[in-house]
Structure formats: C-alpha cells, structure tokens
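Down below is the structure, laid out as structure tokens.
The values are calculated or read from the model by the stated rules, or taken from the named source; none is laboratory data. Please read all numbers here as calculations on a predicted model, not as lab measurements. FYI the Cβ positions are ideal-geometry reconstructions off the backbone, even for glycines, and counts take in every protein chain you see.
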Amino acid sequence: DWTSDVFIDASIADLKAKIGSDKVVMGLSGGVDSSVAATLIHRAIGDQLICVFVDNGLLRKNEFEEVLDSYKHMGLNVIGVDAKQKFYDALAGVTDPEAKRKAIGNAFIEVFDEESNKLEGVKWLGQGTIYPDVIESISVKGPSATIKSHHNVGGLPDFMKLSVVEPLNTLFKDEVREVGRALDIVETIIGRHPFPGPGLGIRILGDVTAEKVKTLQEVDHIFIKGLKDSGLYDQVWQAGAMLLPIQSVGVMGDERTYEKVVALRAVGSVDGMTADWIHLPYEFLGKISNDIINKVKGVNRVVYDISSKPPATIEWE
Ligand code: XMP
C-alpha cells in the first residue's frame with residue numbers, strides 16, 4: 001500500500017543516488033506542487049538545491065513576501081527576484097489571452113535564465129510536475145507546458161538544457177498534499193487553492209496595468225480572506241475574482257459614478273477538467289460585495305459567476 005512515509009524515504013534515496021553532489025535549480029511558484037517537490041529535494045541534497053521565486057507582479061496581495069518568508073522558514077535556499085516591472089512592460093497594450101500568456105511565459109523564461117546563469121555548475125532543473133500533468137497537461141494554455149514540451153532541445157534558454165528531476169511525477173494531488181504534510185510544510189501552502197501560472201494577468205480582462213493589478217489584488221484579498229474567515233475556503237476547490245473591461249453606472253451619495261465591475265468565481269472540482277459553480281451563501285456574497293464596493297476605489301458593482309465547466313472554463317481568459 002502507498003504511504004507518504006514510504007514514498008518519502010524511497011524518493012530521498014533515489015534523489016541522492018541520482019543527483020550525487022550536483023547542483024539543482026528550481027523555480028518556485030508558491031503553489032503546492034513546486035513547494036513539496038522543493039522540500040523533498042532539499043531533504044535529499046540540502047543546499048545543493050537553489051530555488052528561484054519570481055515576483056511577476058501578478059501574484060495575490062502580499063503573496064510574494066508571505067510565501068518567500070515561509071520558504072525561508074522551511075530552510076529552503078531561495079533567491080527572491082522582483083521582476084514586476086519587466087512583466088508589466090511585456091504586457092503593455094497586450095489584450096489577447098494567449099498573447100498575454102506568451103508574454104508572461106517569455107518574461108519568466110528570461111528572468112529564470114538570467115538567475116540560473118548566475119549560479120555555478122548547475123546540472124539539474126527541478127520541477128513540480130505531478131502525474132496528471134504527465135498524462136494530460138491541464139496547463140496547455142500556460143508557460144509551464146511550453147517549458148515541458150521543449151526541454152533538452154537546442155536553441156533554448158540555458159536552463160532548459162539541464163536534466164530534469166521531477167520527484168512528484170507519479171503522484172496525484174491528494175498524495176502530494178499528504179507528502180507535504182508529512183514533510184511538515186505549513187497548511188497555508190498545502191491547503192492552497194490552485195492558482196494559474198499567469199496569475200492575475202489572465203483575470204484582468206483586456207490589457208494589464210500595475211494599477212489594475214492593485215485594484216484586483218484588493219478585491220481578491222477581500223474575497224479570499226472572507227472565505228477563510230467564514231470557514232468556506234476549504235470547501236472550495238478554487239476561487240478568485242476577475243476585473244472586467246467594462247464600466248457601469250452607480251450612485252454614491254448624490255454623485256453618479258461610472259466605475260469598474262468585478263466578477264467573483266468559486267468552483268468545486270477534482271482536477272480542473274470539469275467544475276461546478278459553488279452555491280455560496282447569499283449572506284456571505286452580500287457581505288463580500290458590500291466590502292468590495294465600500295473599500296476598493298474604482299469598483300462600483302460585483303457579480304457572481306454561476307457558470308459550470310463545461311461549457312464555461314474556470315478562468316475567463
Ligand atoms: P480553465 O480556465 O481551463 O482552467 O478551466 C483549468 C485550471 O487550469 C488553470 N489554468 C492555468 N494554469 N497556466 C496555468 O498554470 C495557465 O495558463 C492556466 N490557465 C488556466 C486554472 O486556474 C484552473 O485551475
């Protein structure tokens with residue numbers, strides 16, 4: 001029978017034998033998979049593992065600082081890179097969803113390549129690939145799929161010519177979480193909802209600016225914190241907010257307003273391939289809507305997405 005302890009022992013022995021005294025570089029996302037994979041590799045080879053965590057300016061509010069802090073507490077050797085401006089520059093004026101993904105993916109590759117080139121003698125690239133990614137990538141739209149499908153081919157960034165080590169590529173998500181808990185990774189990382197690689201970049205419909213990111217971060221923060229405070233977070237597979245590229249008329253005091261609309265989305269799913277919208281309590285939705293409209297400047301209307309997948313997708317882009 002599969003148990004996390006047996007898996008961890010076997011995996012550490014395997015990683016030690018395979019990697020020896022080589023160095024491994026790995027990009028962390030703050031998500032469950034890359035965090036668990038890094039912790040496992042770190043248990044096997046210690047500081048021969050060097051992690052890179054990039055602030056692409058499209059993360060949730062305070063996420064970069066908080067996650068970097070957790071990684072450091074976990075003893076991981078992490079280089080935090082503030083590349084926000086590079087991503088905003090790459091996204092300026094880009095409105096097509098796939099073009100945005102490409103711009104974000106390319107910017108990530110540039111930053112990661114630059115960082116890994118500063119390191120001496122790295123032979124391996126660590127990845128948090130899990131079994132469902134191997135059989136059918138759920139991120140066909142994203143940068144990680146591009147990286148995976150082309151590795152070890154000429155004419156590519158240097159880090160992609162490294163040999164790949166993927167300790168979780170036989171595990172399902174629930175097994176990854178079990179392994180993570182057995183490795184004492186904090187629950188704030190283990191229980192985290194999935195979050196797309198392109199981040200808020202594909203939840204801001206239309207072109208992305210630093211100002212729109214700031215607005216959406218505030219909206220998303222109120223929603224996600226509300227879910228946590230109400231004990232609803234763990235009943236939801238994934239939740240988030242979309243900043244829509246339209247304005248609507250509202251009224252505040254005696255003034256007419258003409259401001260942005262946000263859509264909230266919360267879904268239940270097993271693997272992201274299909275999803276049902278979650279029937280969040282009306283009282284909860286009402287309170288969150290009030291909080292958002294009262295506290296976030298520039299937003300005067302909140303709607304709730306009641307579409308399931310298929311035919312809708314989880315993300316709007
Ligand atoms: P959709 O919108 O296709 O999303 O129903 C299914 C799951 O995949 C995530 N997603 C992405 N993840 N890069 C990623 O790493 C992407 O480009 C991307 N697009 C969607 C989405 O958040 C959901 O969990």
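Among the residues examined, VAL186 qualifies as touching a residue at least 60 places away in the same chain (Cβ under 8 Å) and either within 12 Å of the ligand (Cβ to nearest atom) or over 26 Å from GLU98 (Cβ atoms) (or both).
Exactly one of these conditions fails for VAL267: (1) farther than 23 Å from ASN56 by Cα; (2) surrounded by fewer than 15 Cβ atoms within 10 Å (Cβ to Cβ); (3) hydrophobic (A, V, I, L, M, F, W, C). Give me its number. Evaluating VAL267 over (1) farther than 23 Å from ASN56 by Cα; (2) surrounded by fewer than 15 Cβ atoms within 10 Å (Cβ to Cβ); (3) hydrophobic (A, V, I, L, M, F, W, C) leaves (2) as the failure. Applying a threshold of 9 Å to beta carbon distances and a minimum spacing of six or more residues, or different chains, the list of pairs starting in the range 270-299 at a residue that is over 18 Å from ASP234 (Cα atoms) and in a helix (DSSP H, G or I) and ending at one that is modelled with pLDDT of 95 or more and of a type in the set (S, T, N, Q) reads LYS287/SER230; ILE293/ASN300. Cβ-Cβ contacts under 8 Å between residues 6 or more apart (or on different chains), taken from a first residue in the range 194-211 that is on the phi > 0 side of the Ramachandran plot to a second residue that is of a type in the set (A, V, I, L, M), are listed as GLY199/LEU58; GLY199/LEU59; GLY199/ILE104.
Pick out the one residue from ILE314, ILE292, ILE306 that is within 16 Å of the ligand (Cβ to nearest atom) and farther than 20 Å from PRO97 by Cβ. Exactly one of ILE314, ILE292, ILE306 is within 16 Å of the ligand (Cβ to nearest atom) and farther than 20 Å from PRO97 by Cβ, namely ILE306. Tell me whether the range 195-204 contains one or more residues that are of a type in the set (D, E, K, R) and surrounded by 20 or more Cβ atoms within 10 Å (Cβ to Cβ). Taking every residue of the range 195-204 in turn, at least one turns out to be of a type in the set (D, E, K, R) and surrounded by 20 or more Cβ atoms within 10 Å (Cβ to Cβ).
Scanning the range 81-114 for residues that are assigned to a strand (DSSP E or B) and under 30 Å from LEU244 (Cβ atoms) turns up just one, ASP82. Look through ASP220, ASP234, ASP254 and report the one residue that is within 16 Å of the ligand (Cβ to nearest atom) and either of a type in the set (D, E, K, R) or at pLDDT 95 or above (or both). From the options ASP220, ASP234, ASP254, the qualifying one is ASP220.
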